[in-house]
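K.L.:
The structure is given below, and queries will be raised subsequently.
The values are calculated or read from the model by the stated rules, or taken from the named source; none is laboratory data. The structure presented is a predicted model; accordingly, all values stated were derived computationally and were not measured. When we count neighbours, we look across all protein chains shown, and the Cβ atoms used for this are built from the backbone with ideal geometry, even at glycine.
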Amino acid sequence: MTVEPDSRPAAAAARSRTLTVSEVIQETKDSVTISFEIPDAMVEEFKHTPGQFITVKIPSDRTGHVARCYSLSSSPHVDDFRLEIGIKRTENGYASNWLCDNAITGMELTVLPPSGHFTAKNLDVDFLFFAGGSGITPVFSLIKSALVCGGGEVTLFYANRDAESIMYGGQLTQIVSEFPERFTVFHWLESAMGIPTPQNVESAIREHRGAQIFTCGPAPFMDLVQKSAEACGVEHSSVHREVFQSLTGDPFDTATMRQLGDDDGVATATVYLNGQSITTEWPRNTPLLDVLLAQGHNAPYSCREGACSACVCKLVEGDVEMAQNHILVEGDVADGERLACQALPLTDSVTVSFDDL
C-alpha cells in the first residue's frame, strides 16, 4: 500500500520562525544569555511551559547550518513575552562556541517553537532541583515559575566547576532575598569540594522527602541523582531529568521528509492529539510521527531522531518498538512513554495519546 502526503505543509518549514535577537548578556566568561523579540503575531505560538526548549538553526560554513536544542531560562510567568536561552561553551562544540562568539543584538535566527516535557504538572508543590553547569537553564525557568505561582519550598543544589562559572548567580541571590522562607540555594563548587558523592545527593533528597525532583546537567551528574533517588525510595514519577544529544540530522529540512511508501502491511493507529481523535492507517515501516506530519497533523516534534523528548506520547493500547531511543529511561518506557519519531507498530492496532502525559 502507498500513502502519499497531502498538499499541506508537513515539516519544519511550516513551523520554523525567524526571531530577532533583542539582547545578549555575558553571564560568565564562557556563557551567555540570548534574548529574542517575539512579534505580536507569534505570541501565541511561542507561549511556553517552564522547562521547555527551542531548536535553533545555526549557520555553518561547512554544512550550511546545524541544529541544536537550547533550554529556555525565561519564565512565562515572570518574564512577560521575552524568550531567553542560556548557552555555555563546550569543548569542540561548534554551535555553542559560534553563538557565544557571534550572537549580537539585531541578529536574526531561525528557530522551532518551544517543545519538551521537562515540565511540572503542578507548580504548587515542594521542589528539589539538581543542576550541573548549564543544566541550570531549564531549572531557572522552573524555579521562577514555582516561586511565583506556587506556595511550596524550592531548593536548588547547583554544581559548578568554580564560583566564576556560576550562571545566573546574581539573579539567584536576588531571588533568595525575595523569597527567604521558601527558596534555598546550595552551591557545590567542584574545585573546592570535589565531585558530589551519592552520600551528598542522598542527604539532600532525604532532607526534602516528598519534593518533586528535577535534574539537568552532564549525564554522570543526572545518573547520580537518579540512582540516589532510587536508593532513597523515591517513586520514578517524582524524578524528572532532561537530556539533550547533539543532533546529527536536520529538523529544519523538509526535503528529507521520508515518503510513506510500499511495505508489507499496515496497522491501524488511533491517536489523541490536540483534543482530537485521529484514526489512520500506519505503514509498518514508517515512524508514527512521519505518518502524522505527512497527513498535515500538527504533532509536536523537534529533532526527529530520538534525541529529545518533544514528540513523546503515551502508549494506551497495542505495542510499538522504537528504532532509536537516546532520551527515555527504563522507568519512562515502563510508564508507557514512547517517541513518536521512532515508533513502529508491532500489533495490528495501536492507540497512543499526546494529550495524556
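Yes/no per residue for (1) at pLDDT 95 or above; (2) within 23 Å of Leu247 (Cβ to Cβ); (3) surrounded by 16 or more Cβ atoms within 10 Å (Cβ to Cβ):
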{"position": "Thr270", "(1), (2), (3)": "yes, no, yes"}
{"position": "Pro300", "(1), (2), (3)": "no, yes, yes"}
{"position": "Val316", "(1), (2), (3)": "yes, no, no"}
{"position": "Val333", "(1), (2), (3)": "no, yes, no"}
{"position": "Leu346", "(1), (2), (3)": "yes, no, no"}
{"position": "Ser349", "(1), (2), (3)": "yes, no, no"}
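K.L.:
Say whether the condition of being buried (at least 24 other Cβ atoms within 10 Å of the Cβ) and β-branched (Val, Ile, Thr) is met by at least one residue in the range 100-122.
P.N.:
The answer is no, given that none of the residues of the range 100-122 is buried (at least 24 other Cβ atoms within 10 Å of the Cβ) and β-branched (Val, Ile, Thr).
K.L.:
Name the single residue, out of those in the range 103-121 being closer than 29 Å to Leu357 by Cα and small (Gly, Ala, Ser), that is nearest to the chain's Cα centre (by Cα).
P.N.:
It comes out as Gly116.
K.L.:
Counting just the residues of the range 83-99 that are surrounded by fewer than 16 Cβ atoms within 10 Å (Cβ to Cβ) and assigned to a loop (DSSP other than H, G, I, E, B), which one comes out modelled with the lowest pLDDT?
P.N.:
Checked the range 83-99; the qualifying residue modelled with the lowest pLDDT is Asn92.
K.L.:
Among the helices (runs of 4 or more DSSP H) contained in the range 118-232, which hold 2 or more residues that are more than 21 Å from Val32 (Cα to Cα) and in contact (Cβ under 8 Å) with a residue 24 or more places away in the chain?
P.N.:
Per the criteria, 136-149, 190-193, 198-207, 219-231.
K.L.:
Still on this structure, please answer the following. Is it the case, given these coordinates, that His65 is of a type outside the set (Phe, Trp, Tyr) and under 23 Å from His48 (Cα atoms)?
P.N.:
For His65, the condition - of a type outside the set (Phe, Trp, Tyr) and under 23 Å from His48 (Cα atoms) - is not met.
K.L.:
Count, please, the residues in the range 1-58 that happen to be farther than 17 Å from Ala103 by Cβ, over 18 Å from the mean Cα position of the chain (by Cα) and modelled with pLDDT of 95 or more.
P.N.:
The number of residues fulfilling the criteria is 0.
K.L.:
For the range 333-357, enumerate the residues that are outside any loop (DSSP other than H, G, I, E, B) and free of Cβ contacts under 8 Å to residues at least 24 places away in the same chain.
P.N.:
Val333, the sole residue that qualifies.
K.L.:
Tell me the residue from Gly93, Gly106, Gly51, Gly64 that is in contact with a helix residue (DSSP H, G or I) (Cβ under 6 Å, 6 or more places away or on another chain) and not β-branched (Val, Ile, Thr), please.
P.N.:
After applying the criteria, what remains is Gly51.
K.L.:
Out of Leu189, Leu247, report the one residue that is in contact with a strand residue (DSSP E or B) (Cβ under 7 Å, 6 or more places away or on another chain) and more than 30 Å from Asn325 (Cα to Cα). Give the steps one after another, and end with the answer.
P.N.:
Values: Leu247 fails: more than 30 Å from Asn325 (Cα to Cα).
None of the others qualify; the one that does is Leu189.
K.L.:
Here is a follow-up. Take the residues of the range 123-148 that are of a type outside the set (A, V, I, L, M, F, W, C) and surrounded by fewer than 19 Cβ atoms within 10 Å (Cβ to Cβ): which is nearest to Pro196 (Cα to Cα)?
P.N.:
Restricting to residues being of a type outside the set (A, V, I, L, M, F, W, C) and surrounded by fewer than 19 Cβ atoms within 10 Å (Cβ to Cβ), the top hit is Asp126.
K.L.:
Let me ask something additional. Do we have any residue at all in the range 152-174 that's basic (Lys, Arg), within 21 Å of the chain's Cα centre (by Cα) and outside the structural domain of Asp30 (by TED's automatic domain parsing)?
P.N.:
No, the conditions are met nowhere in the range 152-174.
K.L.:
Could you please find all residues in the range 276-304 being part of a loop (DSSP other than H, G, I, E, B), in contact (Cβ under 8 Å) with a residue 60 or more places away in the chain and within 22 Å of Asp335 (Cβ to Cβ)?
P.N.:
Selection gives Pro300, Tyr301, Ser302, Cys303.
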